[in-house]
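Student: Encoded as structure tokens, here's the structure I'll be asking about.
Values in this text are rule-based calculations from the coordinates and carry no lab data. Note that the structure is predicted; figures quoted are calculated from it, not measured. Don't worry about glycine lacking a Cβ; one is built from the backbone with ideal geometry, like all the others, and counts go over all protein chains shown.
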Amino acid sequence: MTAERRRLGQGDLDLFVAAHQRFIEGRAGGRRLQLKFLDLNGLNLNGRILDDADLTGSSLEGASLRGARLERAVLFGCDMRMADLTGANLRRADIRGVCLQGADLTQADLTQADFREGVIAIPHATRGLSQIKHETRVGLADGATFAGATLDGSRFDGVSAHKADFTDCTMRGARLTGANLKDADLSGAMLEGAHIGGANLSGARLIGADLTDCAVEGARLDRTDLSGALRSPTPEAIKRADDLYQMALDANAWAESGGVLGAPANFDGEDLRPLASRLSGLSLPGLSARGACMVGVKLGGAALQGAQLEGADLRGSDLRGADLSGARLSNALLNQSDLSGARLGPLPLGAGRTLAANLAGARLRYARLNGASLAGARLDGADLSGAALNEADLTGAVLTDARLHHASGLPPSLAA
């Protein structure tokens, strides 16, 4: 990371980036951004569109790329120590051999990003390509922050992420084979189907992590804190799935027949994960699923008016467009859940009475609530850190002692 690089100023960088945006948009004068082996330290690229850009071997130490779009970008061998990549889009980016020590990737999207070891050809500082040095670089992310980030399907094989912060991030299907995660914090991380064979998790914290279909026994686990970690559904839970689904169908019939057929469903304490997407779109008003395990369950478009979901674990669940009017979700876990367009307003009870949705004490860290209706909802003491609330209706919502750190889309009265 010490190779001599030519310095590029902010003004010149802005010109190159503007030409790249024209290239992305197919406009005249566009040109793909190719800035290899340059010194871009400390420069500002916040919110810029850099899809498919090639920054091979460049140094962006301390650079600011908050909200930048870097889909499929080539960052091979870049030095991005202490860079600010908060909320950046790095989907399918080539970040092999990148140094991210101390970088901030809070809520960044690294879906299917490749962060493995790479061999980079470094041209001579004065003789250029006539004298090339080959250097093997291992991905480094020691002390980096990935809190709330999306790392689904990413390639982190062999990466060193000592003392990195992965709290409440999603790493479904990620490959972490041989990675050094010593003393890393993966509390609340969603590692469903992740490959961690040979990974060093010594001293790591996986408190409350989702380890469904994750063979954690293949990793080094001395001093690892696995308290409260969620494991795969038991054979009994898998076998019971058909019975629970039939109960859901009966509840749907009860709702559609006005109480003539079927009966409301009671899933209190049940493990509903084996049902996967089978509850999507069903009418389940008054559903009782207190303390149920519903991690990753798909309930998009379901009618759940007045549902009793106190203390339920709904992390990573899909509740897009669901009707949760008047639902009771106090102390429920909804981290990384998608409630976009969901209705969490008051439930009419007749005679002018209504029942407000109750999310008091719920954890909604990094949840997506874009376009959701939360009018009059109780959110006192709720944790909405990093939640997306763009165009959400918060009229009359009770937010006493709610945590709104890094939440986006808040009205000015709350964003201050």
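Student: What ratio of Cα Rg to 2.2 N^0.38 Å holds for region 309-352?
Tutor: Working: Rg = 11.5 Å, N = 44, 2.2 N^0.38 = 9.3 Å.
That works out to 1.24 for region 309-352.
Student: A further question follows. Which of VAL17, VAL297 has the fewest other C-beta atoms within 10 Å, and how do the rest follow up to the most?
Tutor: Numbers: VAL17 19, VAL297 27.
In order of increasing Cβ crowding within 10 Å: VAL17, VAL297.
Student: Once you place label points 7 Å from the Cα toward the Cβ at LEU226 and LEU8, how far apart are they in nm?
Tutor: My value for the distance between the label points is 4.7 nm.
Student: Among SER283, LEU389, LEU309, whose Cα lies farthest out toward the positive end of the dipole of region 233-416, if unit charges sit on the beta carbon of Lys, Arg (+1) and Asp, Glu (-1)?
Tutor: So the residue furthest toward the plus end is LEU389.
Student: Helix 235-256 versus the longest principal axis of the chain: what angle, 0 to 90°, nearest 10, using Cα atoms?
Tutor: The two axes meet at around 60 degrees.
Student: I would also like to ask the following. What angle do you read, to the nearest 10 degrees and between 0 and 90, between the alpha-carbon axis of helix 10-24 and the longest principal axis of the chain?
Tutor: Helix 10-24 sits at roughly 60 degrees to that axis.
Student: Take the Cα atoms of the chain, build their convex hull, and give its volume per residue in Å³.
Tutor: Numbers: hull volume 63.3 nm³, N = 416.
Per-residue hull volume (Cα only) is 152 Å³.
Student: Right, something else. When the chain is treated as a GNM, springs tying every alpha-carbon pair under 10 Å, which of PHE146, PHE23, PHE115 comes out with the largest mean-square fluctuation?
Tutor: Taking springs between Cα atoms under 10 Å, the residue moving most is PHE23.
Student: If you build a Gaussian network model of the chain, linking Cα atoms that sit under 10 Å apart, which residue out of GLU61, GLU391, GLU117 swings the most?
Tutor: Result: GLU391 has the largest fluctuation of those listed.
Student: Nearest 20 debye, what's the magnitude of the dipole of the chain about its Cα centre given +1 on Lys and Arg Cβ and -1 on Asp and Glu Cβ?
Tutor: On the way: 45 positive and 49 negative charges, 197 e Å.
In debye, rounded to 20, the chain gives about 940.
Student: How much length is gained on full extension from PHE16 to LYS36, taking 0.36 nm per residue of separation minus their Cα-Cα distance?
Tutor: Values: separation 20, 0.36 × 20 = 7.20 nm, distance 1.26 nm.
So the extension gain works out to 5.9 nm.
Student: May I ask for log10 I(q)/I(0) of region 233-416 at q = 0.08, 0.18, 0.20 Å⁻¹, from a Debye sum over the Cα atoms as equal point scatterers with solvent left out?
Tutor: Debye intensities relative to I(0), on a log10 scale: -0.23, -1.11, -1.34.
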